[in-house]
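Below: one structure, written as structure tokens.
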Amino acid sequence: MADPTNAFLQTTYHSLRRAVTARDSTTPILPETSSLDKARASLPTTLPPTGIGPEATLSHILSDIVPALNSASLSSRYFGFVTGGSLPAAEAADNVVSALDQNVQVHLPDDAVATDVEDSALRLLVDLLGLGTAEDWPGRTFTTGATGSNVLGLACGREAVVGNRLAGTGVTVAKAGLLGACRAAGVERIQVLTSGGHSSLLKAASVVGIGHDGVKELPLSKEEPWRLDLDAVERELTGDGGVVSIICVSAGEVNTGRYATNALDMPKLRSLADKYGAWIHVDGAFGIFARVLPGSEDFLTLRAQTAGLELADSVTVDGHKILNVPYDTGVFFCRHPTINAQVFGNPNAAYLASGKTARIQSPLNIGLENSRRFRALPVYAALLSEGRTGMAQMVARMVGLARRIAEFVRDSPDYDWLPDASASLESVFIIVLFRARDKTVNEELVQRINASGRMYVSGTAWNGEKAVRLAVSNWRVDVERDFAEVQSVLESVVKA
Ligand SMILES: *Cc1c(COP(=O)(O)O)cnc(C)c1O
């Protein structure tokens, strides 16, 4: 007999899909104000005593809420933040994840293949990013995003750099707690040395007990604040004996998309870290994807600036940005499985064991969550459907569009390309920073651009003045088509 639930799901799923596929490249990126107002007014403030039932609920979602959701992910010209979209295979896979609702916490090979798929997806990603072999990163796992991965990175780094002072004592941060372990180790302070650190690094520092004040910016110069000053790093490492350090490499910096290190810096940092017992964490949320680009000359600079990132102890990668899988997905890679197990192992939970012979580690002992979503499947689907070449071409399209726009603002009499108009276009990855030369126009530039409905950008500040930050990150980008639109918008908003 047909299951009525299935019939319900089939009908509603199709209406939901239709509501979304009705949107196309001509649909305004942001919802109408009237749709937003209508949706807000429709939200109940108290729980109904009797449920309205699934049909009425879905019909409310379709008629009130969906029209008030934006089309950022569906648009090739949504350049706000770094948001990416969803590759078709990834989006379809995500629906399977919801429908079958697997719990990927313990590796139970007789119960489901989910943990094997997760492991496979992580292996494919190591391969795509040229990070060596999966065996180099035994502490690999999926997270909710780059913030989650940065928390894991600082938690592992903290465990290791304090632990380096406690060898043979049996004391660890995991067991004794941060205060107890630091006291036993004679550590007065843990610091994070970075340049152009993302705001989530400060949040992560707060979460793991290092604190915002523990994050130290060591910019190479005022002109290139995103670059890490290696001499300053060395001075910090050799300074106060009561201080231990985690080095966080920003690959790349969120306003400019530029990189903290180049090909020669990473080996130098590695030897410094080894000598002084520091930990290297790479925040490569979006920037590490420069390593995916085709091997042509246009990308030599980016390849040099992302060379050597594999020398880190731990790495943050975002899934829902450049990889173009649905929210929320991030990845964490760590070289030291004992550190992950120390920090994240579930002690005394025999019922969570997966057997001694298991080839795949249980995710719950590597990362933060116990029960968690099967967010590996959309990543697996994206990687399989695109392959190395598809991924390379996708990222190359993003860079291609960003460079065309950078060239336009650089050569335009109405705009200034930031931070350095004399920079080479080859330094551009996916972010373009600029401002209007006319101060009045510049004050309203973000609003004017976004009011066009044809593209969307984020506002930021650079050297104390307003600036526009444009980030290309959607798989749907078509360089010629989208550049023509952007050029037309940027030309018209300065005239208004
Ligand atoms: C976006 C971003 C983050 C935070 O990522 P979420 O996925 O939003 O948690 C961290 N670091 C960098 C460099 C980023 O670009």
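Here is how the numbers come out for the structure above:
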{"read-out": "Filter result (in contact with a helix residue (DSSP H, G or I) (Cβ under 8 Å, 6 or more places away or on another chain) and open to solvent by 50 Å² or more (accessible area, probe 1.4 Å)) within the stretch 157-170", "value": "Arg165, Thr169"}
{"read-out": "Pair list, Cβ under 7 Å, 6 or more apart: the stretch 93-122 residue free of Cβ contacts under 8 Å to residues at least 12 places away in the same chain, other residue assigned to a loop (DSSP other than H, G, I, E, B)", "value": "Ala112/Gln102"}
{"read-out": "From Pro44, Pro49, Pro67, Pro31, residue being out of contact with any strand residue (DSSP E or B) (no Cβ under 9 Å at 6 or more places or on another chain), farther than 27 Å from Val399 by Cα, open to solvent by less than 60 Å² (accessible area, probe 1.4 Å) and in a loop (DSSP other than H, G, I, E, B)", "value": "Pro31"}
{"read-out": "Test for Asp240: is it in contact with a helix residue (DSSP H, G or I) (Cβ under 9 Å, 6 or more places away or on another chain) and open to solvent by 30 Å² or more (accessible area, probe 1.4 Å)", "value": "no"}
{"read-out": "Identity of the residue in the stretch 272-284, open to solvent by less than 10 Å² (accessible area, probe 1.4 Å) and within 16 Å of the ligand (Cβ to nearest atom), that ends up nearest to the chain's Cα centre (by Cα)", "value": "Gly284"}
{"read-out": "Some residue of the stretch 103-122 being surrounded by 15 or more Cβ atoms within 10 Å (Cβ to Cβ) and within 16 Å of the ligand (Cβ to nearest atom)", "value": "no"}
{"read-out": "Of residues in the stretch 212-235 being open to solvent by 20 Å² or more (accessible area, probe 1.4 Å), more than 22 Å from Ala307 (Cα to Cα) and touching a helix residue (DSSP H, G or I) at 6+ places or on another chain (Cβ under 9 Å), the one farthest from the ligand (Cβ to nearest atom)", "value": "Asp213"}
{"read-out": "Any chance Thr133 is open to solvent by 10 Å² or more (accessible area, probe 1.4 Å) and within 16 Å of the ligand (Cβ to nearest atom)", "value": "no"}
{"read-out": "Ala484 being in a helix (DSSP H, G or I), more than 30 Å from Leu383 (Cβ to Cβ) and free of Cβ contacts under 8 Å to residues at least 12 places away in the same chain", "value": "yes"}
{"read-out": "Some residue of the stretch 341-357 being farther than 30 Å from Ala99 by Cα, within 21 Å of the chain's Cα centre (by Cα) and open to solvent by less than 50 Å² (accessible area, probe 1.4 Å)", "value": "no"}
{"read-out": "Any hit, the stretch 264-271, residues being within 16 Å of the ligand (Cβ to nearest atom) and either among the hydroxyl-bearing types (Ser, Thr, Tyr) or under 24 Å from Ala232 (Cα atoms) (or both)", "value": "no"}
{"read-out": "Cβ pairs under 7 Å, 6+ apart, first in the stretch 282-307 and touching a residue at least 60 places away in the same chain (Cβ under 8 Å), second away from the ligand (no atom under 16 Å from the Cβ) and hydroxyl-bearing (Ser, Thr, Tyr)", "value": "Thr301/Ser424; Thr301/Ser427"}
{"read-out": "Failed item in (1) open to solvent by less than 50 Å² (accessible area, probe 1.4 Å); (2) more than 20 Å from Gly214 (Cα to Cα), with Val173 passing the rest", "value": "(2)"}
{"read-out": "Residues that are within 23 Å of Val207 (Cα to Cα) and in a loop (DSSP other than H, G, I, E, B), drawn from the stretch 163-180", "value": "Val171, Thr172"}
{"read-out": "Any hit, the stretch 248-255, residues being open to solvent by less than 10 Å² (accessible area, probe 1.4 Å) and either away from the ligand (no atom under 16 Å from the Cβ) or over 30 Å from Asn164 (Cβ atoms) (or both)", "value": "no"}
{"read-out": "Matching residues in the stretch 378-427 - criterion: being within 20 Å of the chain's Cα centre (by Cα), farther than 16 Å from Val292 by Cβ and hydrophobic (A, V, I, L, M, F, W, C)", "value": "Ala381"}
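Conditions tested, residue by residue: (1) over 22 Å from Ser245 (Cβ atoms); (2) in a loop (DSSP other than H, G, I, E, B).
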{"residue": "Ala99", "(1), (2)": "yes, no"}
{"residue": "His107", "(1), (2)": "yes, yes"}
{"residue": "Asp110", "(1), (2)": "yes, yes"}
{"residue": "Asp119", "(1), (2)": "yes, no"}
{"residue": "Val126", "(1), (2)": "yes, no"}
{"residue": "Pro138", "(1), (2)": "yes, yes"}
{"residue": "Gly148", "(1), (2)": "yes, no"}
{"residue": "Glu159", "(1), (2)": "no, no"}
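Let's see how each residue does on (1) surrounded by 22 or more Cβ atoms within 10 Å (Cβ to Cβ); (2) away from the ligand (no atom under 16 Å from the Cβ); (3) farther than 20 Å from Ser371 by Cβ:
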residue	(1), (2), (3)
Ala72	no, no, yes
Phe81	no, no, yes
Pro88	no, yes, yes
Asp127	no, yes, yes
Ala155	yes, no, no
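The values are calculated or read from the model by the stated rules, or taken from the named source; none is laboratory data. Note that this is a predicted model, so its numbers are computed, not measured. Neighbour counts run over all protein chains shown; Cβ positions are idealised from the backbone, glycine included. With ligands, DNA and RNA removed, areas are computed over all heavy atoms of the protein, side chains included. Shrake-Rupley method; radii C 1.70, N 1.55, O 1.52, S 1.80 Å.
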